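**Student:** First the structure, which I've put down as structure tokens, then a few questions once you've had a look.
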Amino acid sequence: MANVVVVGAQWGDEGKGKIVDWLSERADVIARFQGGHNAGHTLVIDGTVFKLSLLPSGIVRPGKLSVIGNGVVLDPWHLVSEIEKLRGQGVEITPETLMIAENAPLILPIHGELDRARESANSIAKIGTTGRGIGPAYEDKVGRRSIRVADLADDATLELRVDRALVHHDALRKGLGLEPVDRDRLLADLRAIAPAVLDYAAPVWKVLNEARRGGKRILFEGAQGALLDIDFGTYPYVTSSNVIAGQAATGTGIGPGSIDFVLGIVKAYTTRVGEGPFPAELTDEIGQRLGERGHEFGTVTGRKRRCGWFDAVLVRQTCATSGVNGIALTKLDVLDGFETLKICTGYELDGEMLDHLPTAADRQARCTPVYEEMPGWSESTEGARSWADLPANAIKYVRRVEELIGCPVALLSTSPERDDTILVTDPFAD
Ligand code: IMP
């Protein structure tokens with residue numbers, strides 16, 4: 001049976017929501033393996049709009065098991081409010097349909113506070129985060145002072161964990177000019193929220209391995225994009241988790257051999273939110289036009305996204321680091337009506353041609369994109385459901401993208417509607 005990992009192959013916002021929803025209909029289990037409520041996935045099902053940040057997309061589909069893996073950082077208060085909101089929209093959520101890894105670390109209010117304090121206090125440290133405490137929560141995980149889901153079940157352990165975390169946080173807060181943490185309040189808040197989280201706590205690694213052995217189809221739902229990966233992204237302007245496909249294994253407790261297909265989600269042009277390098281960025285009216293046509297505003301923060309031409313260098317790189325077997329190309333229709341299109345095929349650095357983004361920040365900053373020009377198309381590609389519906393130049397563009405990134409198109413998405421999809425290879429096919 002095929003298990004599929006979906007990852008964003010750029011800086012996030014590639015349109016994963018629709019593709020994941022499309023695939024989740026064919027899956028039995030849908031698992032998140034990294035990130036937290038910094039993600040924003042919009043699903044439109046039979047005219048109803050569902051906005052998800054933390055819960056796996058499968059949650060809106062009856063009869064599916066949704067799983068939050070240990071690689072996710074979990075804000076328990078956000079969890080409860082997202083569940084309540086979905087219930088208000090008629091979605092049934094029970095311990096049979098949602099399971100949360102007992103070893104997932106929690107995001108506490110002090111993490112959000114620290115994230116925002118750092119972002120506003122010092123322009124040198126500014127990353128342009130979503131302000132949701134993601135980075136500080138992962139810091140505590142590797143610093144071995146997290147409070148994890150299982151800790152909520154035993155009061156003595158919870159107190160110990162809180163004290164362990166506060167030794168670090170109070171010292172840090174003092175340096176930042178913040179008040180010490182109100183220990184009793186934090187403990188009281190955690191005790192109050194504990195039952196609502198523990199209802200869903202499970203040994204997720206075991207559940208997933210049993211599902212796999214039972215021939216169930218598992219969809220691993222990535223958040224953000226590979227260029228925001230803590231190791232392979234544009235560090236330090238990245239998120240604090242591994243985003244690439246390998247994380248699906250470590251972030252849930254399933255062996256790497258259980259992953260049969262990696263689907264990279266790729267937008268037909270490039271966007272990023274927040275700070276950091278972006279070689280093919282367009283600050284002119286073309287960038288403006290891409291942003292307007294593509295409705296490029298952040299789902300979580302509402303920030304305007306930076307836009308640029310398709311950067312084949314970056315996607316070739318992310319397809320390699322995630323072992324992408326096929327891509328889902330999204331938002332091709334945003335390119336409708338351009339007389340000519342450009343694709344970044346390499347970088348020039350100090351008179352030398354590069355076929356990858358260098359690691360050193362100063363070298364990244366000095367890279368100038370080398371473009372190839374292609375004729376555009378005037379016809380609309382929106383809603384196309386077969387290759388025959390596409391103008392010849394649009395097909396040429398897609399073929400050139402495949403060639404340059406060294407990876408075939410498995411799916412082509414031509415509008416936010418789920419049926420406006422051209423299927424080339426079914427990732428779930430045996
Ligand atoms: P953090 O994940 O909140 O720490 O933010 C770190 C960086 O990742 C910032 O540049 C954010 O804008 C970016 N980021 C985090 N989540 C997303 C997402 O879901 N889509 C796009 N960018 C994101």
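The values are calculated or read from the model by the stated rules, or taken from the named source; none is laboratory data. From a predicted model like this one, the values you see are computed outputs, not experimental measurements. Cβ atoms come from the backbone with ideal geometry, glycine included; neighbour counts cover every protein chain shown. These area figures cover heavy atoms from the full protein model, side chains too; ligands, DNA and RNA do not enter into them. Shrake-Rupley method; radii C 1.70, N 1.55, O 1.52, S 1.80 Å.
**Student:** Looking at (1) assigned to a helix (DSSP H, G or I); (2) open to solvent by 20 Å² or more (accessible area, probe 1.4 Å); (3) in contact with a Ser or Thr (Cβ under 6 Å, 6 or more places away or on another chain), which is the only condition Asp140 fails?
**Tutor:** (2)
**Student:** Test of understanding: among Thr359, Thr340, Thr414, which residue is at negative phi and touching a Leu at 6+ places or on another chain (Cβ under 8 Å)?
**Tutor:** On the way: Thr359 fails: touching a Leu at 6+ places or on another chain (Cβ under 8 Å); Thr340 fails: touching a Leu at 6+ places or on another chain (Cβ under 8 Å).
Just one listed residue meets the conditions, Thr414.
**Student:** Return yes when Val207 is surrounded by 21 or more Cβ atoms within 10 Å (Cβ to Cβ), under 24 Å from the mean Cα position of the chain (by Cα), outside the structural domain of Arg148 (by TED's automatic domain parsing) and of a type in the set (A, V, I, L, M) and no when it is not. Give the derivation first.
**Tutor:** On the way: surrounded by 21 or more Cβ atoms within 10 Å (Cβ to Cβ): no; under 24 Å from the mean Cα position of the chain (by Cα): yes; outside the structural domain of Arg148 (by TED's automatic domain parsing): yes; of a type in the set (A, V, I, L, M): yes.
Here the answer is no, as Val207 does not meet what is asked.
**Student:** Same structure, new question: Might you let me know whether segment 185-199 holds any residue that is among the charged types (D, E, K, R), touching a residue at least 60 places away in the same chain (Cβ under 8 Å) and away from the ligand (no atom under 16 Å from the Cβ)? Walk me through how you get there before you give the answer.
**Tutor:** Filtering segment 185-199 for residues among the charged types (D, E, K, R) gives 185, 189, 191, 199.
Of the ones still in play, those that are also touching a residue at least 60 places away in the same chain (Cβ under 8 Å) are 189, 199.
Next, only the ones that are away from the ligand (no atom under 16 Å from the Cβ) stay: 189, 199.
Yes: segment 185-199 contains one or more residues that are among the charged types (D, E, K, R), touching a residue at least 60 places away in the same chain (Cβ under 8 Å) and away from the ligand (no atom under 16 Å from the Cβ).
Listed here are the residues, each with its yes/no results for (1) in a helix (DSSP H, G or I); (2) of a type in the set (Phe, Trp, Tyr); (3) touching a His at 6+ places or on another chain (Cβ under 8 Å); (4) within 16 Å of the ligand (Cβ to nearest atom).
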site: Val80; (1), (2), (3), (4): yes, no, no, no
site: Ala117; (1), (2), (3), (4): yes, no, no, yes
site: Ala125; (1), (2), (3), (4): no, no, no, yes
site: Arg132; (1), (2), (3), (4): no, no, yes, yes
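**Student:** Just to be sure I understand, how many residues within segment 271-295 are within 19 Å of Ile343 (Cβ to Cβ), surrounded by 17 or more Cβ atoms within 10 Å (Cβ to Cβ) and within 12 Å of the ligand (Cβ to nearest atom)?
**Tutor:** 3
**Student:** Against the conditions (1) under 28 Å from Ser378 (Cα atoms); (2) in contact with a helix residue (DSSP H, G or I) (Cβ under 8 Å, 6 or more places away or on another chain), where does Ile286 fall short? Just the number, please.
**Tutor:** Every listed condition holds for Ile286 apart from (2).
**Student:** Looking only at segment 134-150, which residues are in contact (Cβ under 8 Å) with a residue 40 or more places away in the chain and more than 9 Å from the ligand (Cβ to nearest atom)? Steps first, answer last, please.
**Tutor:** Taking segment 134-150 first, the residues in contact (Cβ under 8 Å) with a residue 40 or more places away in the chain are 134-135, 137-139, 141, 146-150.
Selection gives Ala137, Glu139, Lys141, Ser146, Ile147, Arg148, Val149, Ala150.
**Student:** Which count do you get for residues in segment 34-44 that are in contact (Cβ under 8 Å) with a residue 60 or more places away in the chain and part of a strand (DSSP E or B)? Please lay out each step first, then the result.
**Tutor:** The first filter runs over segment 34-44 and keeps only residues in contact (Cβ under 8 Å) with a residue 60 or more places away in the chain, leaving 34-42, 44.
Cutting the leftovers down to part of a strand (DSSP E or B) gives us 35, 41-42, 44.
Here the count works out to 4.
**Student:** State which residue is most open to solvent (accessible area, probe 1.4 Å) when the search covers only segment 296-320 and only residues that are touching a Phe, Trp or Tyr at 6+ places or on another chain (Cβ under 8 Å) and within 16 Å of the ligand (Cβ to nearest atom).
**Tutor:** My answer is Lys304.
**Student:** What do you reckon, is Gly251 among the small types (Gly, Ala, Ser) and either surrounded by fewer than 15 Cβ atoms within 10 Å (Cβ to Cβ) or assigned by TED's automatic domain parsing to the domain that holds Thr381 (or both)?
**Tutor:** Numbers: among the small types (Gly, Ala, Ser): yes; either surrounded by fewer than 15 Cβ atoms within 10 Å (Cβ to Cβ) or assigned by TED's automatic domain parsing to the domain that holds Thr381 (or both): no.
No.
**Student:** Given the criterion closer than 21 Å to Gly287 by Cβ, open to solvent by 10 Å² or more (accessible area, probe 1.4 Å), among the aromatic types (Phe, Trp, Tyr) and not assigned by TED's automatic domain parsing to the domain that holds Glu14, identify the matching residue among Tyr371, Tyr397.
**Tutor:** Numbers: Tyr397 fails: open to solvent by 10 Å² or more (accessible area, probe 1.4 Å).
That would be Tyr371, the only listed residue that is closer than 21 Å to Gly287 by Cβ, open to solvent by 10 Å² or more (accessible area, probe 1.4 Å), among the aromatic types (Phe, Trp, Tyr) and not assigned by TED's automatic domain parsing to the domain that holds Glu14.
**Student:** Name every residue in segment 220-246 that is more than 14 Å from the ligand (Cβ to nearest atom) and either surrounded by 24 or more Cβ atoms within 10 Å (Cβ to Cβ) or of a type in the set (Ser, Thr, Tyr) (or both), in order of residue number.
**Tutor:** If the condition is that a residue be more than 14 Å from the ligand (Cβ to nearest atom) and either surrounded by 24 or more Cβ atoms within 10 Å (Cβ to Cβ) or of a type in the set (Ser, Thr, Tyr) (or both), then Phe220, Ile244, Ala245 are the ones that fit.
**Student:** I need the full set of residues from segment 410-425 which are surrounded by fewer than 16 Cβ atoms within 10 Å (Cβ to Cβ) and either in a strand (DSSP E or B) or of a type outside the set (Val, Ile, Thr) (or both), in order please.
**Tutor:** Glu417, Asp419, Leu423
Per-residue answers, yes or no, for (1) at positive phi; (2) open to solvent by 60 Å² or more (accessible area, probe 1.4 Å); (3) not basic (Lys, Arg):
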site: Leu106; (1), (2), (3): no, no, yes
site: Glu119; (1), (2), (3): no, no, yes
site: Ile127; (1), (2), (3): no, no, yes
site: Arg132; (1), (2), (3): no, yes, no
site: Pro136; (1), (2), (3): no, no, yes
site: Ser146; (1), (2), (3): no, no, yes
site: Asp155; (1), (2), (3): no, yes, yes
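**Student:** Being more than 15 Å from the ligand (Cβ to nearest atom), over 19 Å from Thr252 (Cα atoms), in the same structural domain as Thr252 (by TED's automatic domain parsing) and not β-branched (Val, Ile, Thr) is the requirement here; does Glu92 meet it?
**Tutor:** On the way: more than 15 Å from the ligand (Cβ to nearest atom): yes; over 19 Å from Thr252 (Cα atoms): yes; in the same structural domain as Thr252 (by TED's automatic domain parsing): yes; not β-branched (Val, Ile, Thr): yes.
Yes; evaluated as a whole, the condition is true for this residue.
**Student:** If I filter segment 1-39 down to residues being among the aliphatic types (A, V, I, L, M) and within 14 Å of the ligand (Cβ to nearest atom), which single residue comes out as modelled with the lowest pLDDT? Talk me through it step by step, then tell me what you get.
**Tutor:** Keep residues of segment 1-39 that are among the aliphatic types (A, V, I, L, M), which gives 1-2, 4-7, 9, 19-20, 23, 27, 29-31, 39.
Next, from what is left, pick out any that are within 14 Å of the ligand (Cβ to nearest atom): 6-7, 9, 20, 39.
Numbers: Val6: 98, Val7: 98, Ala9: 98, Val20: 93, Ala39: 89.
Looking at the filtered set, the residue picked out is Ala39.
**Student:** Does segment 217-227 include one or more residues that are among the small types (Gly, Ala, Ser), in a helix (DSSP H, G or I) and within 30 Å of Val313 (Cβ to Cβ)? Full working, then the answer.
**Tutor:** Step one: list which residues in segment 217-227 are among the small types (Gly, Ala, Ser), which gives 222-223, 225-226.
The next check asks that each one be in a helix (DSSP H, G or I); those that pass are 226.
So of that shortlist, the ones also within 30 Å of Val313 (Cβ to Cβ) come out as 226.
Yes, segment 217-227 contains at least one residue that is among the small types (Gly, Ala, Ser), in a helix (DSSP H, G or I) and within 30 Å of Val313 (Cβ to Cβ).
**Student:** Let me confirm something: among Ala27, Ala31, Ala2, which residue is assigned to a loop (DSSP other than H, G, I, E, B), open to solvent by less than 30 Å² (accessible area, probe 1.4 Å) and closer than 22 Å to Tyr200 by Cβ? Please lay out each step first, then the result.
**Tutor:** Numbers: Ala31 fails: assigned to a loop (DSSP other than H, G, I, E, B); Ala2 fails: closer than 22 Å to Tyr200 by Cβ.
It is Ala27.
**Student:** Could you grab me the full set of residues in segment 107-160 that are of a type in the set (Val, Ile, Thr), within 19 Å of the chain's Cα centre (by Cα) and closer than 28 Å to Pro203 by Cβ? Give the steps one after another, and end with the answer.
**Tutor:** As a first pass, look at segment 107-160 and keep what is of a type in the set (Val, Ile, Thr): 107, 110, 124, 127, 129-130, 134, 142, 147, 149, 157.
When the remaining residues are screened for being within 19 Å of the chain's Cα centre (by Cα), the result is 107, 127, 129-130, 134.
Correct list: Ile107, Ile134.
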